[in-house]
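The values are calculated or read from the model by the stated rules, or taken from the named source; none is laboratory data. Quick caveat, the model's predicted, so the values are computed rather than measured. Glycine also receives a Cβ, built like all others from the backbone with ideal geometry; neighbour counts cover every protein chain displayed. For accessibility, only protein heavy atoms count, side chains too; no ligands or nucleic acids. Shrake-Rupley method; radii C 1.70, N 1.55, O 1.52, S 1.80 Å.
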Amino acid sequence: MSRAYLELAKKSFQNNLVYRAEYLAGVLNAVVMIFVNISIWRAIYEEEGALEGVQFKMMATYVVLSFLLQTLYVMDEYFVEVKVRSGLISSDLLKPISFRLFVFSNTIGTMIFRLLLQLSPALLLSIVLFQMLPPFSVTMTLYFAISALLGFLVLYNLNFLVWISSFWFYWTFSLVTIKDAAVLIFSGALVPVWFMPDWLADFVEATPFASIYSTPIRIYLGMIPENEIVTGLLVQVLWVVILGLAGAVLWHRASRKLCVQGG
């Protein structure tokens, strides 16, 4: 059975290969967005000097990592909605596979495509063009990789909760938009958590948002003491489990409710 999910992930990867123009556009978009945001932060630093004791090179590296992770974490927000509204969900539920794992396999295939064919060239260009700081050690690189993967899983499980809402809402565009805005603002994707007011930073740290971008990037930059990294990773694992269980409960209710809209 596990082989079936590997084949689904492989098919998703191959489907993405068809759209070569989109692949090139993705790399270009990532580099342009990094350049624009670094330019904005450079102007701020020239005006204010070091912010919160953080040097510009560290801030520039933060921007690079943030946008590279955003490139890697892009998911099909309407994959489930399209199936529900078209009625294809009925045939999917009749297949001898888990629909939840089917969606996950499709997402993983796309993520691997972006890792190999979008993030890797964008990373190489960023190293040359923006002179991002290297990780402190091989160990910290490994911690960062693990944390980035956990951040992806946190975001996936959060997204899944929104995607499943398509069983109750005809359109999920508004919910997706609100969710995306919350992730961008509270995860540290645009503005590092350490620049936020203390009360807001405390709130963010108590939510799953910080586990998506802030934790892995802070690990890379050495801003989390080594003896606290494992705790940070465990917090990410905890959010993966909590959101995963919430998704399982919601999916159970949705599959019982199944009312195909259209098709």
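Peptides 131-142, 150-161 ranked from most to least packed give 150-161, 131-142, packing being the mean of other C-beta atoms within 10 angstrom over each peptide's residues. Solvent-accessible area of the chain (1.4 angstrom probe, protein heavy atoms only): carbon and sulfur portion equals 68 percent. Sorted on the mean count of surrounding Cβ atoms within 10 Å across their residues, most packed first, peptides 104-113, 165-174 read 104-113, 165-174. Annotation: Asp180 carries an accessible surface of approximately 60 Å², with a 1.4 Å probe and no ligand, DNA or RNA atoms counted. By the combined test of axial Cα extent (at least 18 Å) and Kyte-Doolittle hydropathy (mean at least 1.0), the qualifying DSSP H helices of the chain come to 56-72, 138-164, 173-186. Between segment 135-163 and segment 207-227, the C-alpha centres lie 10 angstrom from each other.
For Rg and Dmax of the Cα atoms in Å, the choices are (i) 22.6, 75; (ii) 19.4, 61; (iii) 16.4, 44; which was calculated from the structure? Entry (ii). Helix-only arithmetic for the chain: the sum of -39500 (n - 2.57) across DSSP H runs with n ≥ 4, divided by the residue total, places the mean residue ellipticity at 222 nm at -24500 deg cm²/dmol. Each Lys and Arg adds +1 at its Cβ and each Asp and Glu adds -1 at its Cβ; summed about the Cα centre, the chain shows a dipole of about 1280 debye. For Val103, the shell of other residues with beta-carbons less than 14 Å away shows a net charge of 0, using +1 for Lys and Arg and -1 for Asp and Glu. Taking all protein chains into account, the per residue accessible area for the chain stands at 52 Å² (1.4 Å probe).
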